[in-house]
Amino acid sequence: MTGPDAPRLGLSEIAACFEGVIPAEIATASADGVPNVTHLSRVHMIDDERVALSNQFFSKTTRNLAENPNACVVVIDPNTYASYRMMLVYERTERRGPVFERLRRDIDAIAAITGMAGIFKLRSADIYRVLEIEPVPAAVDLADA
């Protein structure tokens, strides 16, 4: 069911998307509407209302968020390949603490596995409040493929 009467999805219902198996994508826009889309190494569920995104290289994304705190992130469930669009609003940046350390360990592991140690470095953990989660319709029904 879709539309205004559809039940709202929560972060816990799409928890598999945050396992770090499939990179996510973030879309932001500058104050004058110029879009920027880039990959994210990690999306971490903090609680029922917030996620932390790894910030490694994203100076354009960071500039956009300073001008316009709204973002859209697409995550994929590695078990079903279902995609979900999360509408977010930027809250703050953390450069230390438990959330930062969790993401740093994840990024360090990804860097070691991919041969990018010394290149992949976590600059910060950007914290966002989730406004809405919606499934993204598949272009092809994998059950029929």
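What follows is calculated from the coordinates using simple rules that are stated; it is not laboratory data. None of the values given here were measured: they were computed from a predicted structure. For neighbour counting, all protein chains shown are included, and Cβ atoms are generated from backbone atoms with ideal geometry for every residue, glycine included.
What to note about this one:
- Percentage relative contact order, the stretch 1-120, counting C-alpha pairs under 8 Å, at least six apart: 23 percent
- Principal-axis tilt of helix 98-114 within the chain, Cα atoms, nearest 10 degrees: 90 degrees
- Taking the Cα centre of the chain as reference, the dipole from Cβ charges on Lys and Arg (+1) and Asp and Glu (-1) amounts to some 820 debye.
- Cα gyration tensor, the stretch 55-125 - rounded (a/c under 1.5), prolate or oblate: oblate
- Multiplying the residue separation of Asp47 and Ala15 by 0.36 nm and subtracting their alpha-carbon distance yields 10.4 nm.
- Shape of the stretch 1-133, Cα gyration tensor, a/c cut at 1.5: oblate
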